[in-house]
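Worksheet: one structure, shown below.
Each reported figure results from applying straightforward, stated rules to the coordinates on display, with no laboratory input. Remember, predicted model here, so these are calculated numbers, not experimental data. As a convention, Cβ positions derive from the backbone with ideal geometry for all residues, glycine included, and neighbour counts pool all protein chains shown.
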Amino acid sequence: MKVKNLMEKPAFRKFGGIIVLYAVVQLLISVGILNDYYFATIVTIGINVILAVSLNLITGFTGQFSLGHAGFMSIGAYFCAIVTLRVPGIPGFLLGMLAGGAAAAVVGLLVGLPTLRLKGDYLAIATLGMAEIIRIVFQNIEITNGAAGLSNLPKFVNWSWLFLFVAGITVLIVNFLHSSIGRACISIREDEIAAESMGINITRYKVTSFIIGAFCAGIAGALYATYFPIIKPDTFGFAKSVDILVIVVFGGLGSITGSIVGAVVLGLISMLLASWTDLRMVIYAILLIVIMIFRPQGLMGSREFSLAMLKRAGEQLNGLFHKKSKKEEN
Amino acid sequence: MEQFMQQVINGLSLGSIYALIALGYTMVYGIIKLINFAHCDVYMIGAYVGYACMTFLHLGLIPSLCISMLACMILGVVIEKVAYKPLRNATRIAALITAIGVSYLLEYGMMYFVKADVRTYPPLEGILSQSFHIGGVTLKAMQILIVAVTVVLMILLQIIVKKTRIGKAMRATSQDQDAAELMGINVNTTISFTFALGSALAGAAGILVGVYYNSIDPLMGFLPGLKAFVAAVFGGIGVIPGAMIGGYFIGIVETFVSGYGSSMYKDAIVFAILIIVLIVKPSGLLGKATREKV
């Protein structure tokens, strides 16, 4: 009975919070407070949440440093766009999402098998090279319309779809991490040699986590291609990969809630800076350096955000107050 | 045959540039294990300093080259002291993100000050603007100059690294930082000196590219920077002769691909080479394979 209570409570809290969030935003949209401009920011944040959470799976939890996440995103976006331009309506949309995710996963497998034997910076550079190759290929083949990109893409994504995909993928990855495969991945991050000597097939789990990450990035790209009307190869260049990595590191490597908080905070910062076009990137760069110098472990470190954490923080604050007041009394 | 020789000559001059940039990457990686993404922007700043010297101060090429190298040297040391030194003991990924931050700062800071427009170098006069025809092969004086300057700088670098005390300190620090410190080597000075050397070479590459291709812009560093890094990895990262060989190899491959095949795919082929090298021999051409200790 006791165990059951413990199991049920956090789950209820989690899902309760998620549903409330959905309802509040839906209400704000239908009342008209959140206009199209704000909604575009929300879509960007949602897509970035998926990208950051999936990169966190690869880099933060499995410990494989990837600098080519935008490459998978571009595959998802292009495959989805090619499908939605040919198959009309919601079936086309769903088929496009599936095609985007599946194509990205296949490329993830093809890239992951040879390159995941590499370690650290070498893997980062190999994935970077892979993403650049993908970008150059999209720039030069006919079906993607070269450097001009595909335009007039049909728009499907509304708040409900976005929410479904973002929440769905986050839950998928959290559950994956709590499974035995997920724990194997975490053990690879902690110590590859120790994990191997415990009988964990390192390559298999690395590639599994890489494929799941690539699949989710493909879905994120497909969402991009079904909300924004134009996709171009340049949108998914090195800068995008870096943006995703920055969100993950800023939020905290190995913290899912950190990635979500990171995506939201950085999304809001970039919205606030949007009016300063000239200095936007300069301020962003300075912020990046300052954050890394003063808090290299990111906002959340590797901890997860929870109500218990808030409670503890509250107690600590309370304790401080009490100490202060005691001192004053003395 | 003539076209072949022509491509070799073009490849050698392009390769010289890559080699100069790759040296900076490889030295910094060798000593603090950081992919210095800001390095390619130091090269860009070098090109702009050279442009300012030649356009506004009307200096000759060689004085401009020296000023540009000096300016980049100072910039490199400042970057190291301000951005990288506080992170010496942080995780590698944090240092890498800082490097990317510095790179963005230089690129977009430059864009803010000099605007994003492409600028053209003043045309060269006298012997440097001439070209020679030797049996159907065109050899520009500029190309000879680029290769000559590169070779002189590389010989200088070799002398510094192999013969001087600070060079010895650099090699010791790159082998084992803690042991070097115990032997009384000032590791901080050595690292700063490494950045100074690498950045000066990047500055030289910047002005040479400006004169050779005639156009510069604030984002010009990104692709050459990546390719130079590929060159460094190809030759074996941390190995100085490796970076030179890698630079020339990548330069020649690139000119051959655009000369005989499709120039659209030249970058893709460079990256494909990178991935193949990494998979077949991750330590690079001249690098030693290190065994992992348990």
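Please work out which one of (1) in a helix (DSSP H, G or I); (2) free of Cβ contacts under 8 Å to residues at least 60 places away in the same chain; (3) within 24 Å of B:Leu153 (Cα to Cα) is the condition B:Val270 fails and give its number.
Answer for B:Val270: the failing condition is (3).
For segment A:293-319, which residues satisfy the criterion of being in contact (Cβ under 8 Å) with a residue 40 or more places away in the chain and facing chain B (nearest Cβ under 9 Å)?
The answer is A:Gln297, A:Gly298.
This table checks each residue for (1) among the hydrophobic types (A, V, I, L, M, F, W, C); (2) touching a residue at least 12 places away in the same chain (Cβ under 8 Å); (3) out of contact with any His (no Cβ under 7 Å at 6 or more places or on another chain); (4) over 19 Å from B:Val230 (Cα atoms).
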| residue | (1), (2), (3), (4) |
| --- | --- |
| A:Gly60 | no, yes, yes, yes |
| A:Ala70 | yes, yes, yes, yes |
| A:Gly89 | no, no, yes, yes |
| A:Tyr122 | no, no, yes, no |
| A:Leu150 | yes, yes, yes, yes |
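Could you tell me whether segment B:240-262 includes any residue that is in contact with a Gly (Cβ under 7 Å, 6 or more places away or on another chain), within 11 Å of another protein chain (Cβ to nearest Cβ) and in contact (Cβ under 8 Å) with a residue 12 or more places away in the chain?
No: zero hits.
Among the listed residues B:Ile93, B:Ile79, which satisfies the condition of being surrounded by 20 or more Cβ atoms within 10 Å (Cβ to Cβ), in contact (Cβ under 8 Å) with a residue 40 or more places away in the chain, under 24 Å from A:Met281 (Cβ atoms) and not small (Gly, Ala, Ser)?
Unique residue meeting the criteria: B:Ile79.
Considering each residue of segment A:91-120, count those that are touching a residue at least 12 places away in the same chain (Cβ under 8 Å) and either under 27 Å from A:Thr226 (Cα atoms) or outside any loop (DSSP other than H, G, I, E, B) (or both), and give that number.
The total comes to 20.
Output the residues belonging to segment B:107-139 that are under 23 Å from the mean Cα position of the chain (by Cα) and free of Cβ contacts under 8 Å to residues at least 40 places away in the same chain.
Hit for segment B:107-139 is B:Gly109, nothing else.
For segment B:31-122, please list each of the helices (runs of 4 or more DSSP H) lying entirely inside it that holds at least 2 residues being in contact with a Cys (Cβ under 9 Å, 6 or more places away or on another chain) and of a type in the set (Gly, Ala, Ser).
B:61-79
Given the condition assigned to a helix (DSSP H, G or I) and facing another protein chain (nearest Cβ under 9 Å), answer yes or no: does some residue in segment A:139-161 qualify?
There is at least one residue in segment A:139-161 that is assigned to a helix (DSSP H, G or I) and facing another protein chain (nearest Cβ under 9 Å).
Name the pairs: first residue in segment B:154-179 and of a type in the set (Lys, Arg), second residue buried (at least 16 other Cβ atoms within 10 Å of the Cβ), Cβ to Cβ under 8 Å, at least 6 apart or on different chains?
Hits for this filter: B:Arg171/B:Val161.
Of the residues that sit in segment A:143-195 and are polar (S, T, N, Q) and under 19 Å from A:Gly96 (Cβ atoms), which one is surrounded by the fewest Cβ atoms within 10 Å (Cβ to Cβ)?
Per the stated criteria, the residue is A:Asn152.
Return a yes/no flag: does segment B:124-134 have any residue that is part of a loop (DSSP other than H, G, I, E, B), among the polar types (S, T, N, Q), more than 14 Å from every other protein chain (Cβ to nearest Cβ) and over 23 Å from A:Arg295 (Cβ atoms).
Yes, the conditions are met somewhere in segment B:124-134.
Identify, by number, the condition in (1) assigned to a helix (DSSP H, G or I); (2) surrounded by fewer than 22 Cβ atoms within 10 Å (Cβ to Cβ); (3) away from chain A (no Cβ under 11 Å) that B:Ala22 doesn't meet.
Every listed condition holds for B:Ala22 apart from (2).
Being part of a helix (DSSP H, G or I) and over 19 Å from B:Met73 (Cα atoms) is the filter here; which residues of segment B:170-192 pass it?
Result: B:Arg171, B:Ala172, B:Thr173, B:Ser174, B:Gln175, B:Gln177, B:Asp178, B:Ala179, B:Ala180, B:Glu181, B:Leu182.
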